[in-house]
Amino acid sequence: MVFSSLRFFVFLIVLLLLVAHIRSNRANKVVLCISSCLFYAAWDFRYLGLLLLISGIDFVAAARIHETNVFSKRRFWLALSIVTNLGILAYFKYADFFIHSLNGVLGSYGREVPLLHVFLPAGISFYTFKSMSYTIDVYRRQLTPARTLMEYAMFVSFFPDLIAGPIVRASVFIPQLDNQIGPTRSRLQEGSSLFLVGLGKKLLVADYMGPIADTVFQHPGAWSIGMAWTGLIAYTIQIYCDFSGYSDMAVGTARMLGYDLPQNFRMPYLSGDVSEFWRRWHITLSEWLRDYLYIPLGGNRKTPSRTYLNLMLTMILGGLWHGAGLNFVLWGALHGAALSIHRGWSRMGLRMPRRAGQILTLLFVSLAWVPFRAVDAATTQVMFRRLFLVDGSGNHWLPIVVPAGLILVLAGHAIGVWIEKSDRSANFVLKAFDLQITDHPLSGRQLVFGMRTVSGAFLVSTIVLLIALFAATESSPFIYFRF
């Protein structure tokens, strides 16, 4: 069930109406838990049991960790949780990758292990990280366990963030279960505004950029240097609008239902360096890797060389989290190297002008998307060769939607800067179009559409009409569904 589909709109409207008329907080949670399970079963009901199994194991493990002070027992239950989560993730996501790598060695001996052809359950990378961080936080005594299995199952299966994030921590979500909030007027207004923005990103931008990027990356050697760069720009736009659009819709949906999720993107393409980029891009994953991997490895508390190693290991493992392939390892290694270089640069007290840093960071991030998008190492090599080896060969094609998409993304970032730095000069525009700016501690600053005035209703109606008229005829699945 895709957020941008009519099927989901019907599902959400029915659920909102149902939750709005439930007076009992406990009944509200039961309905949301069952609805989340139905949402996940709509993808593939066979893997709903896997989701519930992980929830049950981690719920018991956290309870056992909390109730004892015996070090060996606490470590046992923590290890059980981590091994279970990583074991399940490794089997479904990396089994065929490891078998393929093993066959590369066994092939010289005339032997081969058959591939398992394991189907990847939707959202497994996200909900295993959510569930695993819960037991770790309980072990660190930073969190009190959920009171009931149903509450914990609702945290793990909560459908807005289940398939592609944000990666919500139990310490953020579980305390909200005590509040009887539901879909209030202000929450419906804020949530629907954020959902509408995300829907526009997906249908008006990402779904137009996708076919162009796919065409170029499918056979990069067939295109001219100009078209190679056009394809790369298209993918740079697509992955941002696709993933941030999903995050906007997820946060907006949760807000309408009465729950708050953390911000996952904050204008990442305006970053002045790679470190800032990772504070703005997929924020919840960046913070997860920092708190549960980089810092436990030693962080920056030891020697500079150890810090650089920790950065490399964290980003390489972050690359592998996205997918089983050497291309994802290369993408993670590129970012690990860039973070290490930036840290060394900063240690020497060197600084770069902000504008120059923004241009170089965006160029690096865009080029690093090549191995992330390419299907294999050979395609990555051909794409880089085509980008930088100037010759007159190759087909030429200039799809007009790429410049249009670039203009929309730049305009969106400009509006984002305006929202962040809003002052009295913006009051006239806000009042004229019945707009508000809210500042939430979790989800950040947001533009909220109003319908109380003619101009406000006209603005909302125009956006809805544009989406209805100009949405891509074939909406592609969200990119992060395959992770």
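Since every read-out is calculated from the coordinates, none of them should be taken as a lab result. Keep in mind that this is a model prediction, so the values were computed, not measured. When we count neighbours, we look across all protein chains shown, and the Cβ atoms used for this are built from the backbone with ideal geometry, even at glycine.
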For 54, 400, 82, what ranking results if the residue with the fewest other Cβ atoms within 10 Å of its Cβ goes first?
-> 400, 82, 54
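Which length gain, in nm to one decimal place, applies between residue 407 and residue 313 when the Cα-Cα distance is subtracted from 0.36 nm times their residue separation?
30.2 nm
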Do you know the Lys pair count in the chain for C-alpha distances under 23 Å, with sequence separation 8 or more or different chains?
-> 5
At what distance in nm do the modelled label points of residue 350 and residue 387 sit from each other, each positioned 7 Å from its Cα along Cα→Cβ?
-> 2.2 nm
Highest mean first, what order results for 289-301, 368-380, 160-172 on Cβ atoms within 10 Å?
-> 160-172, 368-380, 289-301
Please find the FRET efficiency linking residue 458 to residue 20, where r is the Cβ-Cβ separation and R0 is fixed at 41 Å, and quote it to the nearest 0.05.
-> 0.90
Of the labelled options [x] 148; [y] 182; [z] 134, which one gives volume of the Cα convex hull per residue in Å³ as computed for this structure?
-> [y]
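Rank by packing, highest mean first: peptides 231-240, 94-103, with packing defined as the count of other Cβ atoms within 10 Å averaged across residues.
On the way: 231-240: 24.2, 94-103: 14.8.
Descending mean neighbour count gives 231-240, 94-103.
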Short to long, in 5 Å steps from zero, the percent of alpha-carbon pairs of region 6-180 per bin is 1, 8, 15, 17, 17, 14, 10, 8, 5, 3, 2, 1, 0, 0
So between residue 445 and residue 468, what do we pick up on full extension, going 0.36 nm a residue minus the alpha carbon distance?
-> 5.6 nm
Could you compute the FRET efficiency for residue 185 and residue 400, with r as their C-beta to C-beta distance and R0 at 51 Å, rounded to 0.05?
-> 0.80
Taking the highest mean first, how do the peptides 460-469, 251-260 order by number of other beta carbon atoms within 10 angstrom per residue?
-> 251-260, 460-469
If each residue's Cβ is checked for other Cβ atoms within 10 Å, how do 276, 190, 420 rank with the fewest at the top?
-> 420, 276, 190
Report Rg/Rh for region 325-483, rounded to two decimals, where Rg is the Cα radius of gyration and Rh the Kirkwood radius.
-> 1.04
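When the chain is fully extended, how far beyond the present Cα-Cα distance does residue 115 get from residue 71, taking 0.36 nm per residue of separation?
So the chain would gain 11.8 nm between residue 115 and residue 71.
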Spin-label pair residue 219/residue 363, simplified geometry with 7 Å Cα→Cβ offset, distance in nm | 3.1 nm
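If I take R0 = 22 Å and measure r between the Cβ atoms of residue 337 and residue 295 in this structure, what FRET efficiency does the formula 1/(1 + (r/R0)^6) give, to the nearest 0.05?
The computed FRET efficiency comes out at 0.65.
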